Amino acid sequence: HTLGSCRRYVDSFDGELSHIWAIQNLQAEYVGSITAYKDKDNQIADMGVLIGKEFWGRGYASEAWKKVSDWLFTDVKLRKIEGGTMANNHAMKRVFEKTGFKFEGERKLHFLVDGAPIGLLQYARFR
């Protein structure tokens, strides 16, 4: 990515149907970002999170995931939130489990990682 492509990506979040938030630690360091794409007609959202490698394993993803999903249920009044992860991302599977998301299914061999196919695991939580 270039700085320009990153700016266009961030600018694509309109705050109405799509949101992006920065995640910071108590020292105000940028840790990562979390996103939510809302489908108002179906009262659902798809979430995603990225944490910088140097901050992995410290609970930032779980804390942000819980706060944003709780906000989507409580304030936005959505009925379902979903997210996915590559089958080999054990840390993200733990985030889903710790925040009450349940496994819904797998899209087998969905992604190519370094030329090798890997599945996409889908998780969801209902209000």
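The values are calculated or read from the model by the stated rules, or taken from the named source; none is laboratory data. These figures come from a predicted structure and were not determined experimentally. All Cβ positions, glycine included, derive from the backbone under ideal geometry; neighbour counts span all protein chains shown. The area values use the complete protein model at the heavy-atom level, side chains included, leaving out ligands, DNA and RNA. Shrake-Rupley method; radii C 1.70, N 1.55, O 1.52, S 1.80 Å.
Rolling a 1.4 angstrom probe over the protein chains, ignoring ligands and nucleic acids, what is the accessible area of M47 in square angstrom, nearest 10?
About 10 Å², ignoring ligands and nucleic acids.
Which loop-located GluC sites (Glu not before Pro) does the stretch 7-91 contain, where loop means any DSSP state but H, G, I, E or B and the Cβ has at most 13 other Cβ atoms within 10 Å?
Taking the stretch 7-91 and a limit of 13 other Cβ atoms within 10 Å, the loop GluC sites (Glu not before Pro) found are E16, E29.
Which of rounded, prolate, oblate describes the stretch 1-61, given a ≥ b ≥ c as roots of the alpha-carbon gyration tensor eigenvalues and a/c under 1.5 marking rounded, otherwise prolate only if a/b is larger than b/c?
Oblate, since a/c reaches 1.5 and b/c is not below a/b.
Using a 1.4 angstrom probe and counting only protein chains, how large is the accessible area of T2 in Å², to 10?
So the heavy atoms of T2 present about 80 Å² to solvent.
What helices in the chain pass both tests, a Cα length along the helix axis of 20 Å or more and a mean Kyte hydropathy of -1.0 or higher, using whole DSSP H runs?
60-74
Give me the Kirkwood hydrodynamic radius of the chain, using the inverse of the mean 1/r over all pairs of distinct Cα atoms, in Å to one decimal.
Numbers: mean 1/r = 0.0644 Å⁻¹.
Answer for the chain: a Kirkwood hydrodynamic radius of 15.5 Å.
Which residue, Y60, Y37, H19, has the largest displacement toward the positive end of the dipole of the stretch 1-86 when charges sit on each Cβ (Lys, Arg +1; Asp, Glu -1)?
Y60
Suppose the Debye formula is applied to equal point scatterers at every Cα of the stretch 30-83; what is log10 I(q)/I(0) at q = 0.19, 0.23, 0.25 Å⁻¹?
Here log10 of I(q) over I(0) equals -0.63, -0.82, -0.91.
For the stretch 13-53, state which trypsin sites (Lys or Arg not before Pro) are in a DSSP loop and have at most 15 other beta carbons lying within 10 Å of their beta carbon.
Loop-located and lightly packed - K40.
Could you do me a favour and compute the accessible area per residue for the chain, 1.4 Å probe, result in Å²?
65
Taking the stretch 74-127 as the region of interest, what is the percent of Cα-Cα pairs per 10 angstrom bin, listed from the shortest bin to the one with the maximum distance?
All Cα pairs considered, the percentages come to 25, 46, 23, 6, 0.
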